[in-house]
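Please read the structure below before turning to the comments.
Quick note: the coordinates plus some simple rules give every number you see, no bench work behind them. The shown structure was predicted, so the numbers you read here are calculated from the model rather than taken from an experiment. Here the Cβ positions follow ideal geometry from the backbone for every residue, glycine too, while neighbour counts run over all protein chains shown.
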Amino acid sequence: MTDILAAPKGKRWPSVLLARALARGSSTDPTDLDGATAAGAFAGLRKAIDELGPAATIATIAASGLRGRGGSGFPTGEKWRAAASTEARRRFVVANGYGADPAVQTDRTLMERDPYAVVEGLAIAAFAVGASEGIIAIRSEASQAVAALTAAVGEAEEAGFIGPDAFGPGRDLTVTVRTVQGAYMLGEETVLLKALAGGRGQPEQRPPYPSQEGLFDAPTVVQNVQTLAAVPWIVINGPGAFAAIGSKASPGTMLVQVRGHQRSGIAEVPLGTPLHDIVALGGEATPGRILKAVLVGGPSGGLLPAEALDTRYEFDALRQAGAHVGSGSVVVADDRACIVDLARLLTRFCADEACGKTIPCRIGTRRLFEISDRIVTGRPRPTDPQLLVDLSHDIVESALCDHERLATLPLASGMRYFRAELDDHILRSSCPAGVCRPIALATAAGSR
Ligand SMILES: Cc1cc2nc3c(=O)[nH]c(=O)nc-3n(C[C@H](O)[C@H](O)[C@H](O)COP(=O)(O)O)c2cc1C
Ligand code: SF4
């Protein structure tokens with residue numbers, strides 16, 4: 001199990017997502033329903049059904065300001081309203097527990113530690129939008145999470161929280177746990193829905209959004225498991241209590257995977273926390289080294305310099321800074337790292353994972369990688385920086401899915417904050433970090 005990192009000394013970070021799991025302690029069985037209900041599980045669902053009703057439940061979630069934790073930060077209440085107001089005989093709620101970034105364990109850890117938070121959040125969403133079918137999609141390698149959710153769904157059904165007549169006579173909720181296996185793109189909601197429908201696929205142009213036309217063309221609320229796990233807490237404690245945590249534009253908390261030079265683990269962080277507080281959890285740099293950059297958002301994330309660590313960890317501020325929340329990953333690099341080489345490796349990942357449907361993305365991301373590759377191997381052209389800018393612009397302009405919009409970020413942020421290092425490679429054939437040894441070789445070969 002991944003370590004849960006405590007808040008920095010002197011700070012009190014409230015817990016929403018792991019609150020019940022932490023209250024019960026790590027030695028208890030997270031799938032024990034009696035223990036979970038004693039800690040408050042399903043009280044939110046009962047309140048939604050017995051006191052609020054569907055419309056007020058949606059209004060509660062909208063008023064809380066909850067935004068999707070799967071990366072985009074889309075307002076959850078708005079999504080639920082769209083699904084509820086679309087005429088249909090059948091509606092679905094899909095919990096996205098795929099966890100596309102292989103280096104990030106946050107969703108998996110949540111599902112292992114408190115599977116009932118996800119089941120209850122999904123049930124409340126289904127009740128609110130009028131869905132009778134729920135699916136929890138989990139990457140098949142996450143066997144512990146699959147086992148926890150499968151057991152939790154069975155227990156919850158036996159107790160009548162879900163299943164036949166869950167929302168009243170004749171109002172059923174069928175919940176199934178589905179394992180899925182695939183590449184990075186499978187976490188994207190339209191690809192995931194195709195996989196759940198039994199096919200393989202590439203992203204679809206939106207609109208129509210899945211909330212209007214999703215699984216089997218029915219309105220489908222696709223929600224990250226962390227988003228769903230926040231829902232019971234909001235229903236019980238009220239939207240105001242949730243909005244009081246985090247920042248005004250991004251209320252609540254999020255699980256962040258921190259990889260520092262001293263520690264790695266997962267922390268539940270109030271959104272709006274300055275990046276330096278998150279970085280401090282893992283340790284800025286090993287003794288004798290200095291922090292050079294922080295990769296925020298996963299493989300398509302932004303490389304931010306030490307001077308940008310005042311940036312608040314929340315959807316809008318990170319975007320403005322040239323990064324994004326993405327997979328919830330924060331990785332620290334010290335002065336031994338070459339930013340150009342790092343950006344090159346990340347761009348290669350993004351190019352390899354592009355599904356190929358859109359030509360500017362398929363060819364453009366590959367070209368971005370090739371240009372960065374020739375820069376780090378001592379074969380740059382003077383026009384390369386401008387070419388990177390123009391090509392990135394064209395790629396973003398033609399974006400079909402978010403992957404394309406984000407795949408340019410490692411290089412774009414690298415150029416924005418570490419331009420001098422790029423120029424050293426191009427104009428002086430020098431890699432200040434000493435990482436790009438082929439530069440030296442190419443230079444020596446050229447001078448012979
Ligand atoms: C390449 C790519 C990978 C993604 N992977 C995931 C993922 O692993 N889990 C997830 O919840 N959302 C992922 N998303 C975002 C989903 O498409 C979708 O926005 C999200 O599941 C909606 O839930 P939310 O509103 O609760 O965030 C990914 C998006 C892209 C473009
Ligand atoms: S933008 Fe890229 S990843 Fe998205 S559909 Fe097009 S080729 Fe596939």
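Database remark: amide H of Tyr313 closer than 5 angstrom to the amide H of Gly272, Thr273, Leu275 (H placed geometrically; neighbours at sequence offset of 5 or more, or on other chains; Pro and chain starts carry no H).
Counted as membrane-span-like here are DSSP H helices of the chain whose alpha-carbon atoms extend 15 Å or more along the helix's own axis and whose Kyte-Doolittle mean is 0.5 or above; these are 53-64, 115-129, 225-237, 339-353, 437-447. On full extension, the segment bounded by Arg89 and Leu22 gains 20.1 nm, given 0.36 nm per residue less the C-alpha separation.
Among residues other than Ala321 with Cβ under 15 Å from its Cβ, the summed charge is -1 (Lys and Arg +1, Asp and Glu -1). The Arg46 and Ala244 beta-carbon pair, evaluated with R₀ = 22 Å, returns a calculated FRET efficiency of approximately 0.40. Taking a straight Cα-Cα cut-off under 22 Å and skipping sequence neighbours fewer than 8 places away in the same chain, the lysines within cross-link reach of Lys47 are Lys79. Only beta bridges with both residues in region 86-220 are counted; by DSSP, about 5 percent of them are antiparallel. Under 5 Å between amide hydrogens, built in the peptide plane, is the criterion, and for Ser329 it picks out Gln257, Gly297, Gly298 among residues at least 5 positions away or on other chains. Beta bridges assigned by DSSP with both partners in the chain are antiparallel in approximately 50 percent of cases. Lacking any other cysteine beta-carbon closer than 4.7 Å, the following Cys residues of the chain have no compatible partner: Cys338, Cys350, Cys355, Cys361, Cys401.
The loop-placed GluC sites (Glu not before Pro) in region 37-93, going by DSSP, that have at most 14 neighbouring Cβ atoms within 10 Å of their Cβ come out as Glu87. The phi-based Karplus calculation (6.51 cos²θ - 1.76 cosθ + 1.60; θ = phi - 60°) puts the 3J(HN,Hα) values of region 323-332 at 10, 6, 5, x, 7, x, 9, 10, 10, 9 Hz, whole numbers, x for Gly and Pro. Take the Cα of Asp34, step 7 Å toward its Cβ, do the same at Ser72, and the gap between the two points is 4.3 nm.
Separation of region 207-270 from region 45-103 is 10 Å, based on Cα centroids. Computed from the Kirkwood radius of its Cα pairs, the Stokes-Einstein diffusion coefficient for the chain at 20 °C and 1.002 mPa s stands at 94 µm²/s. Note that region 244-260 has calculated 3J(HN,Hα) couplings of 6, 9, x, 9, 4, 7, 9, x, x, 10, 8, 7, 10, 8, 9, 10, x Hz, one per residue in order, obtained from phi through the Karplus relation 6.51 cos²θ - 1.76 cosθ + 1.60 (θ = phi - 60°); glycine and proline are x. Computed from the Cβ-Cβ distance with R0 of 25 Å, the FRET efficiency linking Gln205 to Gln320 stands at 0.40.
Take every Cα pair under 8 Å whose residues are at least 6 apart in sequence, average their separation, divide by the length of the chain, and the relative contact order is 16 percent.
Working from label points 7 Å from Cα in the Cα-to-Cβ sense, the Asp172 to Glu353 distance is 3.8 nm. How would you classify region 19-243 from its alpha-carbon gyration tensor, with a ≥ b ≥ c the square roots of the eigenvalues: rounded for a/c under 1.5, else prolate if a/b is greater than b/c, otherwise oblate? In terms of gyration-tensor shape, rounded.
Net charge of the neighbourhood of Gly130, taken over other residues with C-beta under 15 Å away and scored Lys/Arg +1, Asp/Glu -1, is +3.
Subtracting the Cα-Cα distance of Arg428 and Asp390 from their residue separation scaled by 0.36 nm leaves 11.4 nm. Pull out a ≥ b ≥ c, the square roots of the eigenvalues of the alpha-carbon gyration tensor of region 263-422, then state rounded if a/c is under 1.5, prolate if not and a/b is larger than b/c, and oblate in the remaining case. Oblate, because a/c is 1.5 or more while a/b does not exceed b/c.
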